[in-house]
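Asker: Pasting a structure here, questions to come.
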Amino acid sequence: MRDIVRLELIRESLVAVVNEMRANIIHSSYAAIIYEGHDFSCALMSADGRQIAQGLADHPIHIFAVPYSTREVVKAFGDDIHEGDLFLHNDPYTGGTHLNDVLLLQPIFFEGRLAMFAAMRCHWNDVGGMTPGSLSGRVKEIYQEGIRIIPTKICERGALNQGLIDLLFNNMRGREERLGDFNAMLGTGRKAVEHIGRLFQRFGGQHLLDGVEELIARSERQMRGKITECPDGDYFAEGFIESDGSNPDPLVVRLKLTISGDSITADFTGSSPQTNGPTNCGPAMAFNAVGTIVKAFLDPKTPINHGSFNPIEVVAPAGSFINARETSPCGGMAEVKFLIDSVVASAMGQVVPHMSVGDLKGGANHIHITGARSNNSTFIHYEWPAGGTGASDNTDGSTAVRSYNEGDFNSIQSAETVEKQYPLRVEACEIREGSCGDGEFRGGFGLRRDIRILDERAMLSVLSEKNVIPPYGVKGGSNGAANKFTVIRNGKQIEPSDVPGKVSGFELLKNDIVREETAGGGGFGDPFNRDASRVRADMVNGLLTESQAASRYGVILEPDGSVNEKQTVERRRTLREERLKLRVQVIETDEFDGVRRIFQISDADARLIGIQRGDLIEIRGSACAPVRGWTKLNGAPGVIALGASGSALTGVSADEFVEIRSVPSMPFFGE
């Protein structure tokens, strides 16, 4: 019992150090994206690059990538790591996220030997590149995204390399702000070294390190036990990124998830090659996504360290867009990672169906509004609008908040912060009416946010996903609304790019309004099974209109606003009968157009659900999540053909019936 208590004290003490590191970053950083948005994370790493401790609020995108970065530093410098050294890294190809996320590693020594690293990874508001903010939907190569830092020693035994520091910050906009954030990271690392030194004295240095090893081993045993409870087998899922910003074709992630005994293998063979648009990521993100989702599904409540992920193997082919190589840009790594999250969640929903959950808003929603100040410097305002989360069994999704794969990333940036620092006015920040994914339990609603330009000129850059292919629902739930980012000029809504959600340096004029409309979360379960009183409550709260309640949920109200139970039952019966169900015909191979999955249905069946050739549809089989593809209108009436992969994804066999739905980017509103 004494050893267990001591082990828990060690664990909580290490987490307490990380939590103080987080507080130091928040209180001393310069950029709003860090001190208000909380787009940063802290961790303690072992001497060989394993994760020892993180806080509950840290951002999974950052934290899961830090072990890759740390191992690269150890590999590059080996025995040439000394007390007082400092290392920077942001290179996506060797374990970073995107160039804006800069990692500072500070080694911690015990009795003259390397024992740990303190790690601080912060999103810097600009790291150079072709547009202010460094993130753009239309870049072609990584050099357009800013300064790329391979594992680099910036401080040797306490002496900063000032020439290198000047080289870095002279190639970034907002030098003073960048230096302020860098110094916040420096001070945080120094305090972490002091705290760990006290823990070495309190517990005894070797006892502390031995305790760390036991904590990692304990987490591994816990996760292996949870995996063993799952049924062995292969589980399949796929998902699409709608565009890389440069090419018209989508990108596909294909997953075969294998559970065997106490281990999981996630094989992404068959995913799209890397692209010259920004929707690529390095090797850390696939493991990041699998680790995040498996942990969330199987073992959400126990502490996080490297042991939880030892039972997981990830196969991400080099040169694919989920494991890119030079010189593919990686600014949209969050959009890629969120897609991998969605695909892994779809597969895990088959493993543990009671944990299945509707899809999320789709990414970071990077929006930069920039312009010139009177002193010839550049202002960079970064918006990160949240959206709806997916519904799950017996729980509606949350509205306009960050999600479980984003840590405590702030949901809504305050108008006061924006208007005090920039020539901008926040004119609206409200729930986006009707944007939820319908279901017995509905997804959360997105938000609508309007930003007015007060200067004569400004620029807009956007890097986002799920603007065309919206978040999916599960267990018969419907998709949420897609993201939509536009400009209101003289009362008219205009598109700032010919590729939705991918904008680079669009010129803004005085009194233009940047309108942000974010995605809603996917629904869970049949919408016609939703308690009518809950639909009415959403109407009373201004979230749904009366026509939406009738068309999407079959709920009919009396003139006094109460639910007409009889008409509601009849309306729901009619709407159920109107659903299109087709018999499955198994064919030898599935049809594809590039990476697009193609489904052939008849003209008559297409008219029943209001679709045309080339429209996106989804098949609702026995799998929790739907399978999506594009239509050809030359199929046999009443039949849909599925090959081996289509059958595996839907979980259906020959002569079974599946429901076919159109996939609108915005749920039907009615008149």
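The values are calculated or read from the model by the stated rules, or taken from the named source; none is laboratory data. Computed from a predicted structure; not experimentally measured. A quick note on method: Cβ atoms are made from the backbone with ideal geometry, for glycine too, and the neighbour counts reach across all protein chains shown.
Asker: Would you mind finding the one in THR302, THR269, THR275, THR258 that is surrounded by fewer than 24 Cβ atoms within 10 Å (Cβ to Cβ), assigned to a strand (DSSP E or B) and of a type in the set (Ser, Thr, Tyr)?
Answerer: THR258
Asker: Does segment 64-88 hold any residues that are closer than 20 Å to ASN405 by Cα and free of Cβ contacts under 8 Å to residues at least 60 places away in the same chain, and which are they?
Answerer: Passing the criteria: only VAL66.
Asker: Also, I was wondering about something else. Considering MET348, MET355, which residue is under 18 Å from the mean Cα position of the chain (by Cα), under 30 Å from LEU255 (Cα atoms) and among the aliphatic types (A, V, I, L, M)?
Answerer: After applying the criteria, what remains is MET348.
Asker: Within segment 172-185, track down each residue that is within 26 Å of LEU14 (Cα to Cα) and surrounded by fewer than 19 Cβ atoms within 10 Å (Cβ to Cβ).
Answerer: The one that is within 26 Å of LEU14 (Cα to Cα) and surrounded by fewer than 19 Cβ atoms within 10 Å (Cβ to Cβ): ASN183.
Per-residue answers, yes or no, for (1) touching a Cys at 6+ places or on another chain (Cβ under 8 Å); (2) at pLDDT 95 or above:
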| position | (1), (2) |
| --- | --- |
| GLY211 | no, yes |
| GLU214 | no, yes |
| GLY233 | no, yes |
| ALA237 | no, yes |
| ASP244 | no, no |
| LEU251 | no, yes |
| ALA266 | no, yes |
| PRO278 | yes, yes |
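Asker: If we scan segment 177-193, do we find a residue that is in contact with a strand residue (DSSP E or B) (Cβ under 9 Å, 6 or more places away or on another chain), at pLDDT below 95 and farther than 14 Å from SER28 by Cβ?
Answerer: No, there is no match, as no residue in segment 177-193 is in contact with a strand residue (DSSP E or B) (Cβ under 9 Å, 6 or more places away or on another chain), at pLDDT below 95 and farther than 14 Å from SER28 by Cβ.
Asker: Looking only at residues in segment 608-645 that are of a type in the set (D, E, K, R) and closer than 14 Å to SER665 by Cα, which one is surrounded by the fewest Cβ atoms within 10 Å (Cβ to Cβ)?
Answerer: Step by step, filter segment 608-645, then rank; the result is ASP615.
Asker: Test of understanding: among GLU427, GLU433, GLU419, GLU406, which residue is in contact with a Lys or Arg (Cβ under 9 Å, 6 or more places away or on another chain) and either among the hydroxyl-bearing types (Ser, Thr, Tyr) or part of a loop (DSSP other than H, G, I, E, B) (or both)?
Answerer: After applying the criteria, what remains is GLU433.
Asker: Now for a different question. Against the condition modelled with pLDDT of 95 or more, more than 24 Å from the chain's Cα centre (by Cα) and either of a type in the set (Asp, Glu) or more than 24 Å from CYS155 (Cβ to Cβ) (or both), how does SER28 come out, does it pass?
Answerer: Considered against the rule, which asks whether it is modelled with pLDDT of 95 or more, more than 24 Å from the chain's Cα centre (by Cα) and either of a type in the set (Asp, Glu) or more than 24 Å from CYS155 (Cβ to Cβ) (or both), SER28 comes out as no.
Asker: So in segment 50-77, with the set limited to residues that are crowded, with 21+ Cβ neighbours inside 10 Å and among the small types (Gly, Ala, Ser), which one is nearest to ILE216 (Cα to Cα)?
Answerer: Filtering segment 50-77 for residues that are crowded, with 21+ Cβ neighbours inside 10 Å and among the small types (Gly, Ala, Ser), the one nearest to ILE216 (Cα to Cα) comes out as ALA53.
Asker: Inside segment 436-465, can you point out the residues that are in a strand (DSSP E or B) and either within 28 Å of GLY277 (Cα to Cα) or without any contact (Cβ under 8 Å) to a residue 40 or more places away in the chain (or both)?
Answerer: LEU447, ARG448, ARG449, ASP450, ILE451, ARG457, ALA458, MET459, LEU460, SER461, VAL462, LEU463
Asker: Tell me yes or no: at least one residue of segment 131-144 is within 25 Å of ALA76 (Cα to Cα), surrounded by fewer than 24 Cβ atoms within 10 Å (Cβ to Cβ), at pLDDT 95 or above and touching a Gly at 6+ places or on another chain (Cβ under 7 Å).
Answerer: no
Asker: Restricting to segment 565-597, name every residue that is surrounded by 16 or more Cβ atoms within 10 Å (Cβ to Cβ) and free of Cβ contacts under 8 Å to residues at least 40 places away in the same chain.
Answerer: THR568, ARG571
Asker: Could you identify the single residue in ASN161, ASN171 that is touching a Gly at 6+ places or on another chain (Cβ under 8 Å) and at pLDDT 95 or above?
Answerer: Result: ASN171 is the single residue among ASN161, ASN171 that is touching a Gly at 6+ places or on another chain (Cβ under 8 Å) and at pLDDT 95 or above.
Asker: A follow-up question, please. Could you list all residues from segment 370-395 that are assigned to a loop (DSSP other than H, G, I, E, B) and either touching a Pro at 6+ places or on another chain (Cβ under 8 Å) or small (Gly, Ala, Ser) (or both)?
Answerer: The answer is SER374, SER377, ALA386, GLY388, GLY390, ALA391.
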